[in-house]
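Peer 1: Got a structure for you, questions after.
The values are calculated or read from the model by the stated rules, or taken from the named source; none is laboratory data. Not measured: the values here are computed from a predicted model. Every residue, glycine among them, receives a Cβ derived from its backbone with ideal geometry; neighbour counts consider all protein chains shown. Accessible surface is based on the protein model in full, side chains and every heavy atom, while ligands, DNA and RNA are left aside. Shrake-Rupley method; radii C 1.70, N 1.55, O 1.52, S 1.80 Å.
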Amino acid sequence: MKPKQIFILTGAGISAESGLSTFRDKGGLWTQYKVEDVASLAGYERNPAKVLEFYNLRRSIHKDVQANAGHHALGRLQRVWAANGGEVVICTQNIDHLHEQGGAVGVIHMHGELGKVRCHDCGDVSLADGELSLHLGCGACGRTGGLRPHVVWFGETPLDMDVIFEKLSGADLFVSIGTSGNVYPAAGFVAAARSADIPTMEINLEPSENAHLFDDARYGKASEAVPAWVEELLAPD
Ligand code: BJW
């Protein structure tokens, strides 16, 4: 029988073929930058200009990328499932907007969004065009210098965890796509699904750290493996 509620977790691998670097692969971001310098609050407090430079570089790259066949296939799956009374929840660790560009709606960005900033002083979150700088003022409280990228760094609490666990516990299929399974709490979702007797599957270029926890797996490029899986699901019984 086909699943009704599908919970999909995605990571950097789904956006790799759109031209965005992953983190831990050869040549990935964490092989070029020190995580503790650019992805921790302590690093930001030590050298905010350096952190803003890192995110400005990524903002300029993200501006020009396009969703690939993997993102589009998930958008299509979500639409067809909704039209038939089911639900596909897409929860991404990615801070890009390629799922939305691929037609997905209600995407949960558990590690934040590159296109937004958050005021370190008042917590206000807003869209931000152009370069981030220490000279920008917060539209809500007016303070200058406190606008940081709206992303989740190590040691910070990922966003929307209540919704995530509610949706995950109500799913009847958990699918993990393009993530290495190194970073918690996302890396723990497969174990949570298993302990709730929810079938699990991973789609990745290669077996992830958690490969042994999945009931099923498909290994290959996201741009091919994801559309192939979606076609199978959409095929008549
Ligand atoms: C393809 C492909 C293709 C390539 N097709 N596939 C000790 C034990 C357990 C936990 C901890 C611990 N010590 C500390 C912790 C907690 C810590 C953590 O997990 N650390 C580990 C590293 C040990 N976690 C945290 O601090 C998190 N917060 C937290 O735990 O709060 C407590 C809390 C929990 C629960 C409820 C309430 C409170 C926060 C983590 C924040 C992570 N932030 C980053 C940066 C975000 C902003 C930015 O982008 O700059 O998020 S780090 C980075 O890693 C980014 C990613 O979202 C995240 C995951 O990476 P991802 O997506 O898996 O990428 P890769 O590169 O690792 O893998 C890519 C995969 O794709 C590979 O497998 C490839 O094979 C594959 N691939 N090409 C298909 N074409």
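Peer 1: Which lysines have a Cα lying under 27 Å from the Cα of Lys116, excluding residues fewer than 8 positions away in the same chain?
Peer 2: Lys34, Lys50, Lys63, Lys167
Peer 1: In whole angstrom, how far apart do the alpha carbon centroids of segment 176-214 and segment 15-83 sit?
Peer 2: Each part's Cα centre sits 20 Å from the other's.
Peer 1: Now for a different question. Expected output is a single nm value to one decimal: the length gained when fully extending between Leu134 and Asp216, i.e. 0.36 nm times separation in residues minus the C-alpha distance. What is it? It would help to have the intermediate numbers written out before the result.
Peer 2: Numbers: separation 82, 0.36 × 82 = 29.52 nm, distance 4.74 nm.
Fully extending the segment from Leu134 to Asp216 adds 24.8 nm.
Peer 1: Here's something else I'd like to know. Angle between the Cα long axis of helix 69-83 and the longest principal axis of the chain, 0 to 90 degrees, nearest 10?
Peer 2: That works out to roughly 60 degrees.
Peer 1: Right, here's the next one. I'd like the FRET efficiency for Asn47 and Asp160, computed as 1/(1 + (r/R0)^6) with the beta carbon distance as r and R0 of 30 Å, rounded to 0.05. Before the final figure, lay out each step's value.
Peer 2: Values: r = 29 Å, r/R0 = 0.97.
After rounding, the FRET efficiency stands at 0.55.
Peer 1: Something else now. Convex hull over the alpha-carbon atoms of the chain: what's its volume per residue in Å³?
Peer 2: Details: hull volume 29.1 nm³, N = 237.
Dividing the Cα hull volume of the chain by its residues yields 123 Å³.
Peer 1: Counting alpha carbon pairs within less than 8 Å and at least 6 residues apart, what relative contact order, in whole percent, applies to segment 71-182?
Peer 2: On the way: 160 pairs, mean separation 22.9, N = 112.
Computed value for segment 71-182: 20 percent relative contact order.
Peer 1: Show me 161-174, 178-191, 120-133 ranked by packing, highest mean number of other Cβ atoms within 10 Å first.
Peer 2: 178-191, 161-174, 120-133
Peer 1: Treating the angle as unsigned and between 0 and 90°, give the value, to the nearest 10°, between the Cα long axis of helix 48-62 and the longest Cα principal axis of the chain.
Peer 2: Roughly 40 degrees between the two axes.
Peer 1: So the label point goes 7 Å from the Cα of Val35 along Cα→C-beta, right? Which residues of segment 172-212 then have their backbone N under 20 Å from it?
Peer 2: 177-191, 205-212
Peer 1: Relative contact order for the chain: what is it in percent, counting Cα pairs under 8 Å that are at least 6 residues apart? Show your work: numbers first, answer last.
Peer 2: Details: 436 pairs, mean separation 55.3, N = 237.
Relative contact order, the chain: 23 percent.
Peer 1: So, one more: If you roll a 1.4 angstrom probe over the protein chains with everything in place, what fraction of the accessible area of the chain belongs to carbon and sulfur, to the nearest %? Numbers along the way, then the final one.
Peer 2: Values: 5910 of 11420 Å².
The computed percentage sits at 52.
Peer 1: Using the scaling law 2.2 N^0.38 Å as the reference, what is the normalised Cα Rg of segment 51-187? Each step should come with its number before you reach the end.
Peer 2: Details: Rg = 16.5 Å, N = 137, 2.2 N^0.38 = 14.3 Å.
Taking the Cα Rg and dividing by 2.2 N^0.38 Å, one obtains 1.16.
Peer 1: Using a simple spin-label model with points 7 Å from Cα along the Cα→Cβ vector, what separation in nm is obtained for Asn84 and Leu234?
Peer 2: The modelled label-to-label distance comes out at 1.1 nm.
Peer 1: Return the unpartnered cysteines for the chain, using a Cβ-Cβ cut-off of under 4.7 Å.
Peer 2: Cysteines lacking a close Cβ partner in the chain: Cys91.
Peer 1: Still on this structure, I have one more. Once both labels are modelled 7 Å past Cα along the beta-carbon direction, what's the Ser169-Ala192 spacing in nm?
Peer 2: In this crude spin-label approximation the distance works out to 1.0 nm.
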